[in-house]
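What follows draws every value from the coordinates through simple rules; no lab data is involved. Just so it is clear, the model here is predicted, and its values are computed rather than measured. In this analysis, Cβ positions are derived from the backbone assuming ideal geometry, glycine residues included, and neighbour counts consider all displayed protein chains.
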Amino acid sequence: MLTAPVDVAALLAPLLLTHHYWRGTLVMAGLTVAVFAAGGLYRARRHVSILDELPSISGRLLAAGAVVAIIAALRHESAQYVGGFVRGVALSAGLVVIGRMITRELATIARKRRWVEHNTIIIGSGPTAVELARLLRRYPRYGLRFTGCVDTTARRGPGSLPLIGTFDQLEQLVTTVECDVLIIADPECSEAFLTQILRRPGTASCDLWAVPRLWGSRSQGDHIGAIPIVRVGGITLSGLRWGLKRASDIVFSALALLLLSPVLLLCAIAIFFEGGRGIFFYQERIGRDGKPFRIVKFRSMRPVNEHESQTNWSIAHDRRVGPVGRFMRRTSLDELPQLWNILRGDMSVVGPRPERPYFVEKFSAEYPHYAMRHRVPVGLTGLAQVSGLRGDTPISDRARFDNYYIENWSLWLDAKVLLRTVSEVFRGGGR
């Protein structure tokens, strides 16, 4: 919690001595924090050591300083100005290293005195789990308090760990012991079964770490004692990640509605001339956490009744779809009014595509991972759709792509999906 503010204070420290280079100092601070964040230097670590971080910190400080110094040299011909700015960069870099040493020492002290610790459940009860439990009990410097282990069945043998429960009870145990961290050690179950357990709402909120199966070789991750562990990416969107995604959705949808307003008007006029009144089509869909909402689209045809609207899977070859409607569906222009749904908060720009209640219930019963798509807001476009999974394609494949997107989300992944969506629109790869 202290690392980022201390870094920013160190990077802005030269402003206390002089204001001549304030623009460059601000740019240097912003760029360095961004480079540190991209390199994972603000992620929580179990083994805290400034010596482990020093090569990465030094390299990123040099890279950020070099970029800003080159820009300063191009903008200012005075060698005296550039030299003064470089001295300020060197001062802030040294203060960053000193600040890191202090924050790391404070973190270690707080953990050793148990001022800061997180309740931890180990998943597995074999030899690796036994060693992990011993290390956590003996060395509080890792900031983890061992509360028990879970597995399919209790293992027999010397030194075996007693179980506090089984996988079926994991959600309840997380709440009971106020668990913050789960560590996957050596459970007696398949990876598919374990993933299904960890995707449940009660366990998805915990930080998840895992011992690599082939951990006898070199590991570039963190470690507890001599056992390497790697952090498994969050399997849901919440907190800062959710705030960042929501902010980007608001900006994108507002700008898109403004810039595309002439296109929206032309689409509305074309639909009116082809089919008369009733330009927009409203339909109930299922959004985040299974909550229904009304989606808005441009009308491409008129259904006979509400039952047909809710249960007819595809109208791609329906003769009632006119030339305008067919063109709009092929280019996905009929989806543009959903920008209003995004601005309202019903949807996101990128996410699993929303489906009707009838099919959500049907597919959730047939495919185990389908309901997990609703951990995040549904989207105007999605990874499954730009990967060719639209129309009459396997639902199981769509669910896998949607869950992969959720568990590997980043702003860059959203950007890639949007770029591929634009390509699909210009290719006419819609329905």
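Tell me which trypsin sites (Lys or Arg not before Pro) from segment 47-150 have a DSSP coil assignment and no more than 11 other beta carbons within 10 Å of their own.
Sites meeting the loop and neighbour criteria: 113, 114.
Taking the Cα centre of the chain as origin, work out the dipole magnitude from +1 charges on Lys and Arg Cβ and -1 charges on Asp and Glu Cβ, in debye rounded to 20.
Around 380 debye, computed over the chain.
So which trypsin sites (Lys or Arg not before Pro) in segment 259-294 are both in a DSSP loop and have at most 16 other Cβ atoms within 10 Å of their Cβ?
Here the sparse-neighbourhood loop sites are 277.
For n ≥ 4 DSSP H runs only, could you compute -39500 (n - 2.57) per run for the chain, divide by its residues and tell me the 222 nm figure to the nearest 500?
Computed ellipticity for the chain at 222 nm equals -16000 deg cm²/dmol.
Based on Cβ point charges of +1 for Lys and Arg and -1 for Asp and Glu, what charge dipole magnitude is obtained for segment 100-153 about its Cα centre, in debye rounded to the nearest 20?
Magnitude of the dipole: close to 380 debye.
With charges set only on the Cβ (+1 for Lys and Arg, -1 for Asp and Glu), what does the dipole of segment 346-431 come to about its Cα centre, in debye to the nearest 20?
180
Which semi-axis lengths, in whole Å and largest first, follow from the square roots of five times the eigenvalues of the Cα gyration tensor of the chain?
46, 36, 15
In whole Å, what are the Cα extents of segment 342-431 along the three principal axes, biggest one first?
Principal-axis extents of segment 342-431 (Cα, largest first): 35, 26, 25 Å.
Compute the normalised compactness of segment 84-176: alpha-carbon radius of gyration over 2.2 N^0.38 Å, N being the residue count.
So segment 84-176 has a normalised radius of gyration of 1.64.
Please give every one of the aspartates and glutamates within straight-line cross-link reach of residue 291, meaning a C-alpha to C-alpha distance under 14 Å, and leave out same-chain neighbours fewer than 8 residues apart.
346, 355, 361
Can you tell me which of 204-211, 165-172, 378-385 comes out highest on packing, and rank the rest after it, using the mean Cβ neighbours within 10 Å?
The densest-packed peptide leads the list: 378-385, 204-211, 165-172.
Tell me which lysines have Cα within less than 30 Å of residue 112's Cα, excluding those fewer than 8 residues away on the same chain?
Residue 112 reaches no qualifying lysines.
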